[in-house]
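Structure first, then comments.
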Amino acid sequence: MSQLTRVLLCIFVCLGGARAISSATAADGVDYYQFWAVGRAVVHDGHRTVYGSPASLHLGQRLAADAARSDDALLRSAGAWRGSLSATGTPLHYSTIGYLSGQGYAKSLRSYRVVLLCGFCGATLCFAWLVGLSLGNSLAALALLLVVGFEPLLSDLRVGNVNCLQLAGLAFYAWLRQRAPLRHRHVFAGVWLGFLLAFKPNLILVAAVVSLQPVLRRNFGILLRDTSALLAGAALAVLLAYFNWGSPAVWLDWFKANAVELAGWATVEQGNYAPLALLRRYSPAVGLLGLSASISMVMALGLWLRDPVDPRAAAVTASSQSAWFLALGCLAPLLVTHLAWLHYFVLTIPALLLVTSRPRGAARSARQRGRLGLMIAAWVLLVGVPFQFSTWTAPDLGYAIVHGVGVLVLLCSLCAESQTPGSVPSASMRALPVRRNRGRSAVLPTRETRY
């Protein structure tokens, strides 16, 4: 790809980013209002009673009253919408936002949206680099996401949630785990993942799926090391939050409050696009059985679409596998939990980039054509979303169906391109130097081949 093409792609990225920010300017940032108001009440006003129905109701009413007296139109609108506050963020989450946010709500929200956009762009480029995409192709993928208008990103910018920050945190975790020039990089990666879980625990399934890698390789010592590092990171995050809240018991209060708040089911009409919420419209049993059957069938189809194993390509590095396990883990919260707002779907980016980075060549066999079709379908369903449901009686139902099917298609494509022991090496593995051995090429052992 020529230098001029890269420059043009950078221009498209900037224009798409500016368009994404401008499209969210008029939105109130109703999620960010909760983080901003509660965080500043904790950090600057010394407010400690946040969790639980009576405390949340009282704090929400007080914050809404303060917002109603403000000269900031966005703050007044967000405060009126969030009058009945439900504090579900972790103590670390609230204290972090409280320290980093400014006093003026509108200005702080604009800055926060820029941070979200930068986090999304940086994470996309980082994941693209880690899975072996060239710079030009990485910029092309990012430009497509921004110019077309990736709805999960736009939703995160409108409401001001933290999913783009989570995506950036996972990209940093992947870099630490695979490429960081550190002797004990896996330990640092585990500690950082523990921080991410303490910030927002919906990534617990990501950590669980990533831990399958050493289990399948029967490296239980490495599993113990990674788990210990993760727990150490979570414990350190708990201690850091303690300095703001004054007591570790606040984490117990948070757990009890979330057990009550998250026990209920948000409906599809409220914007919950989780497949379980979609299937639960019929009955809980049908929803669970239908989702289990759907996941099993798409994974079986994906495994069938894989090419036969080449014995000469049996040596696959643990680093090349970890990107696949991380991508699969990012899909887990979207598939098997009962809550998945639209902005949660930014977690599909690692899997989308991974299946895009696989070598294509000429689609000569039915399996190759099937894998190519799955990859294209995943991009169309999750990024293009050509279907418009604004004229439907229940437009959220249409979007929930498209995103649910899109994640299942992406899961099938990911299984078809899986990097499990004995599968085709990844782009990073193919880039390693080779040596001649009796007329055949063999991969030189490097430090990356150790897990």
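Quick notes on this structure:
- The criterion of being assigned by TED's automatic domain parsing to the domain that holds G29 and at pLDDT below 85 does not hold for P91.
- Each residue in the stretch 165-180 was checked for being farther than 16 Å from A198 by Cα and either polar (S, T, N, Q) or not assigned by TED's automatic domain parsing to the domain that holds R113 (or both), and 1 of them qualify.
- Note on the stretch 12-30: residues that are surrounded by fewer than 20 Cβ atoms within 10 Å (Cβ to Cβ) and part of a helix (DSSP H, G or I) total 9.
- Here is the figure for the stretch 102-118: residues that are small (G, A, S) and either buried (at least 22 other Cβ atoms within 10 Å of the Cβ) or touching a residue at least 60 places away in the same chain (Cβ under 8 Å) (or both) total 1.
- Cβ pairs under 8 Å, 6+ apart, first in the stretch 18-45 and at pLDDT 90 or above, second surrounded by fewer than 19 Cβ atoms within 10 Å (Cβ to Cβ) and among the β-branched types (V, I, T): R19/V147; I21/V114
- Residue list for the stretch 187-243, filter: under 22 Å from G89 (Cβ atoms) and in contact with an Asp or Glu (Cβ under 6 Å, 6 or more places away or on another chain): none
- For the criterion of being more than 30 Å from L353 (Cα to Cα), part of a helix (DSSP H, G or I) and either of a type in the set (S, T, Y) or assigned by TED's automatic domain parsing to the domain that holds L252 (or both), A123 fails.
- Of residues in the stretch 350-400 being at pLDDT below 80 and among the β-branched types (V, I, T), the one farthest from A123 (Cα to Cα): T393
- Odd one out for S428 among (1) in a loop (DSSP other than H, G, I, E, B); (2) modelled with pLDDT under 80; (3) of a type in the set (S, T, N, Q): (1)
- Residue list for the stretch 71-82, restricted to those being surrounded by 15 or more Cβ atoms within 10 Å (Cβ to Cβ) and free of Cβ contacts under 8 Å to residues at least 40 places away in the same chain: D72, R76
- When the stretch 200-230 is filtered for residues that are of a type in the set (S, T, N, Q), within 16 Å of G329 (Cβ to Cβ) and without any contact (Cβ under 8 Å) to a residue 40 or more places away in the chain, the ones remaining, listed by number, are S211, T227.
- Which numbered condition E151 misses (of (1) under 19 Å from N163 (Cα atoms); (2) in contact with a His (Cβ under 6 Å, 6 or more places away or on another chain)): (2)
The values are calculated or read from the model by the stated rules, or taken from the named source; none is laboratory data. This is a predicted model, so every value here is computed, not measured. We place every Cβ from the backbone using ideal geometry, glycine too, and count neighbours over all the protein chains shown.
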